[in-house]
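To start, the structure under review is shown below, and the notes come after it.
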Amino acid sequence: MTNIRQLSQAQSAVSLVPQQRLSALEDWKRSKESFTASYRFSSTATALEFITLVGLLAEKVGIYPHVDWRIDAVYLRLAQGLNTEITAQTINLARRVSVDAHRLNGAAMVDYRDREATA
């Protein structure tokens, strides 16, 4: 499976069809109502820096994720209408968020309940 870090600059995420772009985002999980990701950071300050970056990206594209912050963990949810397709704009936001999380050495959490360990 291709992940976002394996996409070369020559093969931008925009050139992929939506399903390929969605599958390239290993950090994100898709349900009928939303698109979610969770990250754990080395400190509270880094988690807050990440939240700030997410907010700045959200302002640029006009898509505002739900954010749940617990000490050093951040849970994000991009809500969609029931059974609606995730838009290219939403996928691009998720990709950019993932890049920022990994740049800050955020560890993707497999399960949302993982965040409870830090609460």
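Coordinate-derived values only; no laboratory data. All figures in this text were calculated on a predicted structure; none of them were measured in a lab. Every residue, glycine as well, gets a Cβ built from its backbone with ideal geometry; the counts of neighbours run over all protein chains shown.
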For an R0 of 22 angstrom, estimate the FRET efficiency from the Cβ-Cβ distance between R103 and E59 and round to the nearest 0.05.
0.70
Sorted by packing (mean other beta-carbon atoms within 10 Å per residue), highest first, where do 42-53, 64-75 land?
64-75, 42-53
Based on the Cβ-Cβ distance from Q89 to K32, what FRET efficiency comes out when R0 is 22 Å, to the nearest 0.05?
0.65
